[in-house]
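The values are calculated or read from the model by the stated rules, or taken from the named source; none is laboratory data. This structure is a prediction, so every number in the text was calculated from the model and none was measured. Cβ placement follows ideal geometry from the backbone for every residue including glycine, while neighbour counts extend to all protein chains displayed.
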Amino acid sequence: MLHPMHESTVAVVGLGKIGLPLAAQFASKGLRVIGCDVLPDVVESINAGRAHIREEAGLEDAVRDSVAAGMLSATTDTAGAVAKADVVIVIVPLMVSASHEIDFRNIDSATKAVAEGLKRGALVIYETTLPVGTTRERLGPMIERASGLRAGADFHLAFSPERLYAGRIFEDLRKYPKIVGGIDQASTDAAVAFYRSVLDAEVWEVENTETAEFAKLAETTYRDVNIALANELAMYGASRDVNVGEAFRAANSQPFSHIHRPSIGVGGHCIPVYPHFLLGDAVDGELSLVRDGRSTNDGMAEVGVRQLERALGGLESRRVLVLGASYREDVKELAFSTAIPLVDLLNRAGAEVAIADPLFTPSELGGFKAAVVDVDSPEALAAEAIVIQAWHHEFRALDWRRFHNLRAVLDGRTAVDPAQVKAAGAAYLAVGLPQPASPLD
Ligand SMILES: NC(=O)c1ccc[n+]([C@@H]2O[C@H](COP(=O)([O-])OP(=O)(O)OC[C@H]3O[C@@H](n4cnc5c(N)ncnc54)[C@H](O)[C@@H]3O)[C@@H](O)[C@H]2O)c1
């Protein structure tokens, strides 16, 4: 039997960008929370009341207050924490190789530690995005083997995808329905009761763990395919006198149309990765649209670089500055960032590439074959072309007129005002805009 929720102790395994805000949220609802992480520095800083994740609004206060109130502590001893816990939330990442092989090592080792400590009657919920079937077929049996307990009979087991957007997590926690599916009805009921006690958002029960796992993959794959469609439509429209931005806004005034924005690439550890969780076990031509969408989006960096190349009449020895190494604005994350193929393609075209991203130290960007510069430095201000990859807040006050050699801006995120770029004497390029009639002089 589970404890009444308000007396429960929760172990949150994985205290990263998602796990730490979750831990603070549960503590703020009056539960005792023990956070577990393999990184001693992370644990130490949390126990000192400090959040090591800096970009999350409200997180520093939430961690400080819950640690001071004695409701949140952290440890590297996952098994020890789980031994005290009535509810265990696992939110450690799956790693994916460049060729999209899934590396289960983090979650397997977290699972073994959970199994070592697990109490009879406890509830284990996985929140990490997983391929369909993983909770029931891989992780549950792993817990059973290492603990000697039976899933369903001795402990509850459920999956609930995390759908939050890093940077506005506390806001999303109040808004997004929490999808929950267990391996059996008792597990679903226990997980639903837990989330009702710690979230203000609606808790939404689905039939089983597989449905909950699939819901997250369907949602992210929808966005990937939608962006691919937007890219294809944008390229089609651009060569036919269409104002693509206006056309999409007009199309989306019909309530069933939700065309996303075209761009020079989809990055991060979610949207370009999760379609591969589906494709990994697709058979006999299943999901061909998903596969095609992935390849369209993966090809967009090249589309952008070719656009720039044509506009400048070649990139050989051109000084090109990439703004933003992150995969998107205002987040410090390089996973599958479009900056990686962009820098590579620019180098191969012979450009002199520089990259600026205030969220990273120069050594953190050492893997790029590019000069790492400050956006205000003389090297940056000498750029002949700029590619906007991640439009961080720190860039927003940039005055294009300070770039005295600037001839073209490729706005990979349709983030800036074309008029301001043109006022600085440079061409404004973006996916979905017609190519200038002839190379700029
Ligand atoms: N970041 C996002 O925007 C986002 C959005 C929705 C869902 N998610 C899901 O959340 C998962 C976690 O993402 P994140 O951004 O919090 O990751 P992260 O890299 O910021 O943090 C993960 C933490 O887990 C810890 N960890 C790794 N292995 C561990 C183990 N065996 N035991 C204990 N701790 C361990 C790491 O040290 C790290 O502190 C993702 O894989 C994804 O499934 C993330």
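Computed values, structure above
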{"item": "Among the candidates 190, 228, residue that is away from the ligand (no atom under 16 Å from the Cβ), under 20 Å from residue 158 (Cα atoms), of a type outside the set (Phe, Trp, Tyr) and buried (at least 16 other Cβ atoms within 10 Å of the Cβ)", "result": "190"}
{"item": "Qualifying residue in region 310-319 (condition: assigned to a loop (DSSP other than H, G, I, E, B), among the hydrophobic types (A, V, I, L, M, F, W, C) and over 21 Å from the mean Cα position of the chain (by Cα))", "result": "yes"}
{"item": "Flag if residue 50 is under 19 Å from the mean Cα position of the chain (by Cα) and surrounded by fewer than 17 Cβ atoms within 10 Å (Cβ to Cβ)", "result": "no"}
{"item": "Residue 82 vs. criteria within 15 Å of the ligand (Cβ to nearest atom), at pLDDT 95 or above and touching a helix residue (DSSP H, G or I) at 6+ places or on another chain (Cβ under 9 Å)", "result": "yes"}
{"item": "Unmet requirement for residue 352, which otherwise passes all of (1) away from the ligand (no atom under 16 Å from the Cβ); (2) acidic (Asp, Glu); (3) on the phi > 0 side of the Ramachandran plot", "result": "(3)"}
{"item": "Residue count for region 31-46, restricted to those that are away from the ligand (no atom under 14 Å from the Cβ) and loosely packed, with under 15 Cβ neighbours inside 10 Å", "result": "0"}
{"item": "Failed item, numbered, when residue 295 is tested on (1) in contact (Cβ under 8 Å) with a residue 60 or more places away in the chain; (2) not in a loop (DSSP other than H, G, I, E, B)", "result": "(1)"}
{"item": "Yes/no for residue 324 being at pLDDT 95 or above and either among the aromatic types (Phe, Trp, Tyr) or farther than 18 Å from residue 372 by Cβ (or both)", "result": "no"}
{"item": "Residues located in region 84-142, provided they are surrounded by 15 or more Cβ atoms within 10 Å (Cβ to Cβ) and small (Gly, Ala, Ser)", "result": "85, 110, 113, 115, 117, 122, 140"}
{"item": "Among the residues listed as 132, 92, 114, the single one being in contact with an Asp or Glu (Cβ under 7 Å, 6 or more places away or on another chain) and within 15 Å of the ligand (Cβ to nearest atom)", "result": "132"}
{"item": "Pick from region 260-289, criterion closer than 16 Å to residue 132 by Cα and in a helix (DSSP H, G or I), ranking: farthest from the chain's Cα centre (by Cα)", "result": "279"}
{"item": "Criterion: within 30 Å of residue 435 (Cα to Cα) and assigned to a helix (DSSP H, G or I) - qualifying residue of 190, 228", "result": "228"}
{"item": "Positions within region 149-164 being surrounded by fewer than 21 Cβ atoms within 10 Å (Cβ to Cβ), of a type outside the set (Asp, Glu) and without any contact (Cβ under 8 Å) to a residue 60 or more places away in the chain, in sequence order", "result": "149, 150, 152, 153, 163"}
{"item": "Residues located in region 149-172, provided they are within 12 Å of the ligand (Cβ to nearest atom) and either assigned to a loop (DSSP other than H, G, I, E, B) or under 22 Å from residue 94 (Cα atoms) (or both)", "result": "159, 160, 161, 162, 163, 164, 165, 166, 167, 168, 169"}
{"item": "Elements of type strands (runs of 3 or more DSSP E) in region 364-441, at least 1 residues being of a type in the set (Asp, Glu)", "result": "408-411"}
{"item": "Residue among 382, 390 that alone is touching a residue at least 60 places away in the same chain (Cβ under 8 Å), in contact with a Ser or Thr (Cβ under 6 Å, 6 or more places away or on another chain), surrounded by 13 or more Cβ atoms within 10 Å (Cβ to Cβ) and aliphatic (A, V, I, L, M)", "result": "390"}
{"item": "Condition check for residue 146: touching a residue at least 24 places away in the same chain (Cβ under 8 Å), away from the ligand (no atom under 16 Å from the Cβ) and aliphatic (A, V, I, L, M)", "result": "no"}
{"item": "Residues being within 16 Å of the ligand (Cβ to nearest atom) and either more than 19 Å from residue 165 (Cα to Cα) or in contact (Cβ under 8 Å) with a residue 60 or more places away in the chain (or both) - total across region 319-346", "result": "11"}
{"item": "Every residue from region 351-376 that is among the small types (Gly, Ala, Ser) and surrounded by 13 or more Cβ atoms within 10 Å (Cβ to Cβ)", "result": "351, 354, 356, 370, 371"}
{"item": "Counted residues, region 261-285 - those being more than 15 Å from the ligand (Cβ to nearest atom), under 20 Å from residue 101 (Cα atoms) and touching a Leu at 6+ places or on another chain (Cβ under 8 Å)", "result": "1"}
